[in-house]
Amino acid sequence: MPHFPDNILTSLKETIVNVFWKKDDVRGLFRRCDVPSELINAQDWNAYKYHIVSPVLDSLNTVIDGIGPLRRLLQECLKYKDGDHLLWTSDGQKRKREAERCLEHLRLLVKDHDAAIRTEEEAREARIKEIEEQKRGAAFRDKLDAIRNRFYACFQDNNAQKRGYDLEAILYDLFCLFELTPRGPFRRTGEQIDGAFTHRSEHFLLEAKWQQKKTDLSDLRDLDGAVGSSLDNTLGLFLSLNGYSEVALQGYLQGNRPRLICMDADHLIHILEGRMDLTDLIERLKDAAVQKRHIYVPMSDILGGIA
């Protein structure tokens, strides 16, 4: 006999697909909820999300040991009160509405159903898992806080050159924390590169500027030249704490295909304050460059879902 009736199972599938936007998020959800690894690995993760989620839930719904993971999946979904976490994505307002519609429908279906009630043993296991997650999350936050404090301390240093070196070290540790496999400063013939990192199989060269004036066109073209002399799957990330001149942003786009994305202090502070995930931000900036030829998108536009 199935653990969940068809209407709840179907609604749960749609909710997972719409609330957990990235496939990595879905995979992480399954792992947190103790979905058997062999069931996770058996799916084609290149397929559409629904074609991944549906067979997993169908299988769990028909085996004895599936009730625990199903209940945990349900509880994880119902923790979301809204879809605000989707606003930064492309077409964020629409994604938010669809996620909230699915959540409301699921809540109505499970309101009087015992599938939403965990047994005492499951509650105990969930508390243990929650404590473990909190410990891991606390360790991450502690490291992020330490990096943020180092960054703010740099503002007290009047030595511009030392500030620049400190910024390089801070960025290196930040990219390590987000598992982007950074590499520190290095020199190629005729070029000084501030750093490099890997983001979802794409290689990035990094240039960081902390100066009084806004970054100008020649700085962007210097990094673009370094990117152009690298392999085809190489892109560039330019971080200018004091922003960019309009001439730089407009003039750069008059040339060849853009190969850079740009961040400023506002982007960096949102990451250091824990309000934005660095890997998600890079992906969002890259999407804007590919889809709209915007190499720079203000943080306010990203958070508002209008970029």
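Computed values, structure above
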{"read-out": "Size-normalised alpha-carbon gyration radius of the chain, reference 2.2 N^0.38 Å", "value": "1.17"}
{"read-out": "Estimated distance in nm for a label pair at residue 134 and residue 153, the labels positioned 7 Å out from Cα along Cα-to-Cβ", "value": "2.9"}
{"read-out": "The range 54-94: trypsin sites (Lys or Arg not before Pro) in DSSP coil with no more than 15 other Cβ atoms inside 10 Å", "value": "79, 81"}
{"read-out": "Stokes-Einstein translational diffusion, the range 158-303 - Kirkwood Rh over all Cα pairs, 1.306 mPa s, 10 °C, in µm²/s", "value": "103"}
{"read-out": "Between 0 and 90°, nearest 10: helix 217-228 axis offset from the chain longest Cα axis", "value": "60"}
{"read-out": "Sum of -39500 (n - 2.57) over DSSP H runs of 4+, divided by residues of the chain (222 nm, nearest 500)", "value": "-18000 deg cm²/dmol"}
{"read-out": "The range 6-118 - Debye-derived log10 I(q)/I(0), Cα point model, q = 0.12 Å⁻¹", "value": "-0.39"}
{"read-out": "Anchor residue 79: lysines whose Cα lies under 17 Å away (excluding residues fewer than 8 positions away in-chain)", "value": "13, 96, 111, 129"}
{"read-out": "Under-5 Å amide H pairs with residue 209, H placed in peptide plane, nonlocal only", "value": "239, 240, 241"}
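Since every read-out is calculated from the coordinates, none of them should be taken as a lab result. What you see is a predicted model, and the numbers here were worked out from it, not measured in a lab. Counting neighbours? That spans all protein chains shown, and the Cβs are built from the backbone with ideal geometry, glycine included.
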